[in-house]
1. Test residue 69 against the criterion of being at pLDDT 95 or above, crowded, with 16+ Cβ neighbours inside 10 Å and part of a helix (DSSP H, G or I), and give yes or no.
2. Pull up the range 38-55, narrow it to residues that are surrounded by 12 or more Cβ atoms within 10 Å (Cβ to Cβ) and out of contact with any strand residue (DSSP E or B) (no Cβ under 9 Å at 6 or more places or on another chain), then point me to the one that is farthest from residue 100 (Cα to Cα).
3. Would you say residue 10 is exposed (fewer than 11 other Cβ atoms within 10 Å of the Cβ) and modelled with pLDDT under 95?
4. For residue 88, all conditions in the list (1) in a loop (DSSP other than H, G, I, E, B); (2) surrounded by 11 or more Cβ atoms within 10 Å (Cβ to Cβ); (3) modelled with pLDDT of 95 or more hold save one; what is the number of the exception?
5. Condition first: out of contact with any helix residue (DSSP H, G or I) (no Cβ under 8 Å at 6 or more places or on another chain) and at negative phi. Now tell me which residues in the range 66-87 satisfy that.
6. Can you pull out the residues in the range 50-65 that are outside any loop (DSSP other than H, G, I, E, B) and either touching a residue at least 40 places away in the same chain (Cβ under 8 Å) or at negative phi (or both)?
């Protein structure tokens with residue numbers, strides 16, 4: 001009985017699991033859709049839960065820079081301070097927001 005093991009060259013693109021590689025995360029194209037669908041129902045100019053409105057790029061950037069957004073979205077399930085309330089964002093959404101922060105809060 002013989003066992004043959006073969007290796008081949010693999011590029012980084014071959015190692016991606018159903019995730020699009022984004023070179024730099026930008027607010028308008030990558031982050032705002034998350035904010036719009038997950039945050040604005042409670043954090044808008046007409047109803048600013050906790051006195052936090054995320055209706056504009058500047059508002060969301062400030063809340064991310066001061067740590068409020070990152071603190072709230074990275075809490076564990078069941079934590080009463082987790083946002084959005086009652087459920088955790090999908091990890092890929094959290095990762096995009098964290099990468100946006102790392103990339104320097106690019107708007108466009």
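1. When the stated conditions are applied, residue 69 passes them.
2. 48
3. Yes: the conditions hold for residue 10.
4. For residue 88, the exception is condition (3).
5. 66, 68, 71, 72, 75, 76, 77, 79, 80, 85, 87
6. 57, 58, 59, 60, 61, 62, 63, 64, 65
The values are calculated or read from the model by the stated rules, or taken from the named source; none is laboratory data. The structure presented is a predicted model; accordingly, all values stated were derived computationally and were not measured. Don't worry about glycine lacking a Cβ; one is built from the backbone with ideal geometry, like all the others, and counts go over all protein chains shown.
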